[in-house]
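Inspection log for the structure reproduced underneath, given as C-alpha cells.
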Amino acid sequence: MREFERMAEDVEILESYRTKEQLEIELADAALLQRLSIELIQEDGIAGLYKKIVEAAVAIMRSQFGTIQMLYPDRVDPVGRLRLLASHGFTEDAQKYWEWVYSHSFSSCGEVLRTGKRVIIPDYASCEFMKNAPTLQIFLDGNVYAAQSTPLYSRTGKLLGMISTHWDHVHNPPERHLRLFDILARQAADLIERVNSAEALRQSEERMRALSIATNDIIYKMSPDWNEMYHLDGRNSLQNTGETITNWLEKYILPEDMDRVRNAINKALESNHEFHLEHRVFKADGSVGWVSSRAIPVRDHEGNLVEWYGAASDITEKKAFLEELENRVGLRTLELKRSNEDLQQFAHVASHDLKEPVRKIRTYGLLLQKELEALGEGREKSFLGKILESASRMSTMVDGVLTYSTMNATGKEVELMDLHDVMSDICNDLEILIQEKNASINCYELPKIEGSRVLIYQLFYNLINNSLKFSSLSGKPEIKITSSITGSGDAEYASIVVADNGIGFGAEQNENIFKAFTRLNPKTTYDGTGLGLSLARKIVERHHGSIEAQGQMDTGAIFTVNLPLKQNEPIT
C-alpha cells in the first residue's frame, strides 16, 4: 500500500514539473511574440523582419521548416501567385524551386489559394489531394512529411500572402500552438499590408516627382478640406511655399475671384471628384495673371481622402490673346453689321436708281415702237426690239438682286401655315403666266408646317415659276406637288416634291443649279436672273431643311424640299 502511495506522489511531482515546464514554454512564446511586435513597430529592415517572422513561426509551431510569401497579381491566374519572401530550413535549391507558387500548384500553399482557408497536412503520404501529385516525392525526398499553411488577410479581408510551417515527421499541430500562431499571422499580415502601402506610396511619389520635373506647370498639395496648402512649387510664376499655410486664398487669389474658387472647391468636395477652374492669381512679381488649375483627390489603401494633388498652367498670355481676339471679333462684327446695313441700303438705292432709267428706256422705246409701226419690218424696228428686250431683262435682274441681297432681313417670324393656302396664293399671282402657258398645277395632300410665311411663299413661288419658265415649247406644262411625312416626334419632316415635264437638265447639274447666277440655257431663249434656285436653297437652309434637284434632259425636273413640321430653333 505504501508503495502505491509513493508512486502516486512521484506522478504528482512529475505532473507538477511538466506543468511548470509547459508554462515556461508558453511564457517564452508570449515573450517571443511581444519582442517581435516591438520590432515590427520599429520596422528596422523589412527583409530581416520577414526572416524573424519565419523563425518565430518555426519556434511556436515546433517545426523544422517555415516560409512567408506575398501574393502578387498574375496575368494568367486570376487568384494571383505567391512569391517567397523568407524561409527557414530549406536548401537553396528548394527555395529556388518554391520561389513562385500558383493556385494549381500541388502543395499546402496551392490548396490555400484554391480554398482561401488554412490547410493542415498531418501526413503528405496520406493526403488526398497530394496523391499522384508530381510534387509529393519532392517533399518526401526533402524530408518534409507534414505541413500547415495559413492565409494572411488584411483587416479589410483582402488576401495578402501566406505563412507556412513544415515538419520532418508526421505531425498534427495542437490547437494551443495554432492560437499563438494566429497572433503571429495577424502581425505578419499587418507588416505586409504596411509594406504594400508604403511601396505604392513610394511609386506614386516617384511618378509625381518625375511629372513635376518634366512639366512647367505649377504644382501644389492641399489638405483634404482645402483649408491648408501643404506645398506649392510656383515655377517662377507664383511665390513658392515649402511649409503648410492657411492663408493661401488671400496670398494667391484675387478678392473678386475668391467666391468662384470657394464654390469650385465645394463642388469638388461634394462630388468627391476633381477640381477644375480658370481664375486670376497674384504672381510672384506682384502682377495679376491667369491660371488653369486642376486637382485630384488622393486616397490611402482604405479609401480615405488624405490630400489633393494639383497642377496649374499659366494661361496669362492665352487669356490676353483671347481677349484681344474677342475685341477684334467684336469690332469686325460691328463693321460687318455696318457693312451689311450699308449694302442693303445701297441695294435699295441702286435698285431704284437703276430701275428708273430702265423704266424710261422701256417707256420711250415703246413710244418709238408705235411711231415706227407704220414703217413695217425694218432694221430700225429690229434694233428697237432688242433694246426693249434687254431693258426688260435688266429690270428683272435688278429685282432679283434686290430680293437676294435683302433676304436675311426678311420675315423671321415663325407661324403655322397651310401649304395649300400658300400654293393657292402663288397660283393667283402667276395666273397670267399659267394661262399663257396653258399649264396645269395639281397639289395633293399638303401638310401644315411652321416657318416664315413670306419666305416659304418665296421658296415655292421660285420653284413653280422656274417650272413654268423652263417648260417645253412643244407640250403642255404639267406641275405636280406631292408630300409625305418622315421622322417622328419633334423630328418630323415634310418631304415636298415639285415635279414638272419641262426641258429638264443633265444629272451632272443637280448641284450646280443652286449656285447664284448659274444659267443652263441661253438668256435669249429663256428669261431669268440665275438667282431663283439659289434663293430657294437659302430659304430652305434658314428653315433648317434641305433641298435636292434631280433633272433629266427633255423629260423634266424634280425638286425635293425637306422642311421640319415644327421649328425647334430660331430662323436666322
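Mind listing just one residue for me: the one in region 431-459 that is of a type in the set (S, T, N, Q) and in a strand (DSSP E or B) and, of those, farthest from LYS566 (Cα to Cα)?
For region 431-459, the residue satisfying everything is SER440.
State all residues of region 485-501 that are open to solvent by 40 Å² or more (accessible area, probe 1.4 Å) and more than 12 Å from VAL561 (Cβ to Cβ); if no residue qualifies, say none.
ILE485, THR486, GLY487, SER488, GLY489, ASP490, ALA491, GLU492, ASN501, listed by residue number.
Search region 47-71 for residues being over 11 Å from HIS88 (Cα atoms) and not in a helix (DSSP H, G or I), and hand back the single one that is most open to solvent (accessible area, probe 1.4 Å).
ARG62
Of everything in region 241-250, what is at pLDDT below 90 and not in a loop (DSSP other than H, G, I, E, B)? Give them in sequence order.
Scanning region 241-250 gives a single hit, THR241.
Identify all residues within region 286-323 that are in a loop (DSSP other than H, G, I, E, B), open to solvent by 50 Å² or more (accessible area, probe 1.4 Å) and within 20 Å of GLU256 (Cβ to Cβ); write none if there are none.
GLY286
Looking at (1) at pLDDT below 75; (2) basic (Lys, Arg); (3) closer than 30 Å to LYS267 by Cα, which is the one condition that is false for LYS355?
Going through (1) at pLDDT below 75; (2) basic (Lys, Arg); (3) closer than 30 Å to LYS267 by Cα one by one, LYS355 breaks only (3).
Considering only region 95-170, give the strands (runs of 3 or more DSSP E) lying wholly within it that have at least 1 residues that are open to solvent by 20 Å² or more (accessible area, probe 1.4 Å) and not hydrophobic (A, V, I, L, M, F, W, C).
By residue number, 100-102, 146-153.
Got at least one residue in region 229-240 being open to solvent by less than 80 Å² (accessible area, probe 1.4 Å), at negative phi and modelled with pLDDT of 90 or more?
Scanning region 229-240, I find at least one residue that is open to solvent by less than 80 Å² (accessible area, probe 1.4 Å), at negative phi and modelled with pLDDT of 90 or more, so the answer is yes.
Does at least one position in region 183-195 carry a residue that is open to solvent by less than 20 Å² (accessible area, probe 1.4 Å), modelled with pLDDT of 90 or more and either outside any strand (DSSP E or B) or under 23 Å from TYR97 (Cβ atoms) (or both)?
no
So for region 460-476 (the condition being closer than 30 Å to GLN567 by Cα, assigned to a strand (DSSP E or B), open to solvent by less than 30 Å² (accessible area, probe 1.4 Å) and touching an Asp or Glu at 6+ places or on another chain (Cβ under 6 Å)), does at least one residue qualify?
The answer is no, given that none of the residues of region 460-476 is closer than 30 Å to GLN567 by Cα, assigned to a strand (DSSP E or B), open to solvent by less than 30 Å² (accessible area, probe 1.4 Å) and touching an Asp or Glu at 6+ places or on another chain (Cβ under 6 Å).
Kindly evaluate LEU85 against the criterion of being open to solvent by 50 Å² or more (accessible area, probe 1.4 Å) and either part of a helix (DSSP H, G or I) or under 22 Å from GLY142 (Cα atoms) (or both).
Taking the combined requirement at face value, the residue satisfies it.
The values are calculated or read from the model by the stated rules, or taken from the named source; none is laboratory data. Values in this document were obtained by computation on a predicted structure and should not be read as measured data. Methodologically, a virtual Cβ is constructed for each residue, glycine included, from the backbone with ideal geometry; neighbour enumeration extends over all protein chains shown. Accessible surface is based on the protein model in full, side chains and every heavy atom, while ligands, DNA and RNA are left aside. Shrake-Rupley method; radii C 1.70, N 1.55, O 1.52, S 1.80 Å.
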